[in-house]
């Protein structure tokens, strides 16, 4: 008991120290902010940060919401048995399922941040992770808007757009195959919290968890008429969407926040210091792609602004990495997948795209 | 399922956040502040999101009195307050110096007028290159690509004064802002200009200039350069962005 008391004393003391330190920092900041010059500087920086932060958010949130809605609709209406049956039919010829995964993005033109909740849902429904990840990585490259934007950004070098599609799809395929043969984990998705799930009314997703409930659910289902049923369906879809929004949305906000901070702290002109032809410039361009978190539909134009100072190979690295991986996407991945899997995925994407782009520059 | 008289705290927090976000989206749309942040083509998506938010709020209303089995921490909702703070509090205290403050009249009409989508046509008026908002980007591409073809040609162009440390004495860049998707990808494009009285020009002053196209040797490459012969001060246009598509 005595030790306990002592411990609590310590905790109290530490807390007090923390409080005083915080108080001192706040007082210091207030004093510093009294100075009109620093005031002006801080305000201008804050202003710039605000514009970047809000614009990334305002641009990505609608796409994320649409992705979440599609994901919820898939969750409601596409049964896992049907999906698995469909994939198993194709199993005689597995090549086809990968071809479909690679090209599906062209029919399903969603942005790179909207695709992650959809892919999470597909995996939950029984699609093998390797196929789903291939689809996720390939989708931005076959997105018609992305292709058109790349052509428009480089009207005098259409080969950028062509190589971007070709290299991007091959990287997606390689990563998919690596996951298929070398990553053995079955459940890559983040575990859901049970309690959060059960406060919904008669939500049919519970039926997936226990067989007993399913029969009850279905009995009550049949008692409802068409109007009540469709109303219940819509409420179910939105309930799922709300849950997913509050899971993923927070990560998106954090991604936008960090990305805004980095853009304020690292001005674009300082990136120009690393221009040149070497391997370093490739790394710098890929790091820029990661930290700036620019939507895949517009990154080609940002790449163009670097094209006069950086080599062909470095620009290609930017164009390849930016749709597959950036800070904002990483945050959304962390909201959907397990940490260990995200780590493996990030390592795979960065290393394989680095290797492929380096090989590409040797050939060209 | 237990139904109690007590309000479910978590649902209430979610409600408040969703209402806040929907209201914030509506306000940026209504006051046309959205034009600072987003490309006109993306603005309808804000309307769609408001619709989705409203449906979510409606769905949550039915759950307001549902019992929560366990006590949970609501700390994770704190992050959703960030955009509301930055969205609502800051724009009132700071007016962006770099970006246009949008006009407060009929948003719809303004927007359709504002979208200056560039088409990729290049035509010369006699022997003079006349650059406007519509052909700006295609001319920039063309002149940077085939500089030697246009040496000695007359050129008329508008933009604002922009300076970079690497520029020589008496040089500045007559720049425009290019927005592809949102304000996070805005970049400055423009022409290098040389002008004897460069020191008297203020940064971000809008100008219409007439000059002769030449060439300057900058560190790695040769770049086009406009030698200014005449210039005219201008007021900042209502929307200073150019949209490539």
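Quick look at the numbers
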{"item": "Sole exception among (1) under 23 Å from residue A:135 (Cα atoms); (2) in contact with a strand residue (DSSP E or B) (Cβ under 9 Å, 6 or more places away or on another chain) for residue A:76, by number", "result": "(2)"}
{"item": "Residue within segment A:171-187 that is within 19 Å of the chain's Cα centre (by Cα), outside any helix (DSSP H, G or I) and either surrounded by fewer than 18 Cβ atoms within 10 Å (Cβ to Cβ) or modelled with pLDDT of 90 or more (or both) present", "result": "yes"}
{"item": "Residue check, residue A:359 without any contact (Cβ under 8 Å) to a residue 40 or more places away in the chain and either assigned to a helix (DSSP H, G or I) or within 12 Å of chain B (Cβ to nearest Cβ) (or both)", "result": "yes"}
{"item": "Lone qualifier among A:337, A:292, A:341 - being touching a strand residue (DSSP E or B) at 6+ places or on another chain (Cβ under 8 Å) and in contact (Cβ under 8 Å) with a residue 24 or more places away in the chain", "result": "A:337"}
{"item": "Test: residue in segment A:248-271 that is within 10 Å of chain B (Cβ to nearest Cβ), surrounded by 20 or more Cβ atoms within 10 Å (Cβ to Cβ), part of a helix (DSSP H, G or I) and over 18 Å from the mean Cα position of the chain (by Cα)", "result": "yes"}
{"item": "Selected residue [assigned to a helix (DSSP H, G or I) and crowded, with 18+ Cβ neighbours inside 10 Å] from B:27, B:56", "result": "B:56"}
{"item": "Selection within segment A:308-336 - at pLDDT 90 or above and not in a helix (DSSP H, G or I)", "result": "A:325"}
{"item": "Output for segment B:189-244, where each listed residue is loosely packed, with under 14 Cβ neighbours inside 10 Å, within 14 Å of another protein chain (Cβ to nearest Cβ) and out of contact with any strand residue (DSSP E or B) (no Cβ under 7 Å at 6 or more places or on another chain)", "result": "B:219, B:220, B:221"}
{"item": "Test result for residue B:152, touching a helix residue (DSSP H, G or I) at 6+ places or on another chain (Cβ under 6 Å), surrounded by fewer than 19 Cβ atoms within 10 Å (Cβ to Cβ) and more than 18 Å from residue B:134 (Cα to Cα)", "result": "no"}
{"item": "Helices (runs of 4 or more DSSP H) fully within segment A:93-142 counting 3 or more residues that are free of Cβ contacts under 8 Å to residues at least 40 places away in the same chain", "result": "A:94-107, A:129-142"}
{"item": "From the options B:35, B:22, residue that is at pLDDT below 90, more than 9 Å from chain A (Cβ to nearest Cβ) and surrounded by 15 or more Cβ atoms within 10 Å (Cβ to Cβ)", "result": "B:35"}
{"item": "Residue in segment A:347-355 that is free of Cβ contacts under 8 Å to residues at least 60 places away in the same chain, within 14 Å of chain B (Cβ to nearest Cβ) and surrounded by fewer than 24 Cβ atoms within 10 Å (Cβ to Cβ) present", "result": "no"}
{"item": "Test: residue in segment A:79-91 that is part of a helix (DSSP H, G or I) and either within 11 Å of chain B (Cβ to nearest Cβ) or modelled with pLDDT of 80 or more (or both)", "result": "no"}
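Conditions tested, residue by residue: (1) away from every other protein chain (no Cβ under 13 Å); (2) at pLDDT 80 or above.
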site: B:117; (1), (2): no, no
site: B:120; (1), (2): no, no
site: B:126; (1), (2): yes, no
site: B:129; (1), (2): yes, yes
site: B:140; (1), (2): no, yes
site: B:154; (1), (2): yes, yes
site: B:158; (1), (2): yes, yes
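Quick grid of which residues meet (1) away from every other protein chain (no Cβ under 14 Å); (2) more than 19 Å from residue A:171 (Cα to Cα):
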site	(1), (2)
A:52	no, yes
A:75	yes, yes
A:103	yes, no
A:106	yes, no
A:112	no, no
A:130	yes, no
A:143	no, no
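The values are calculated or read from the model by the stated rules, or taken from the named source; none is laboratory data. Quantities reported herein were computed from a predicted structural model and do not represent experimental measurements. Neighbour counts run over all protein chains shown; Cβ positions are idealised from the backbone, glycine included.
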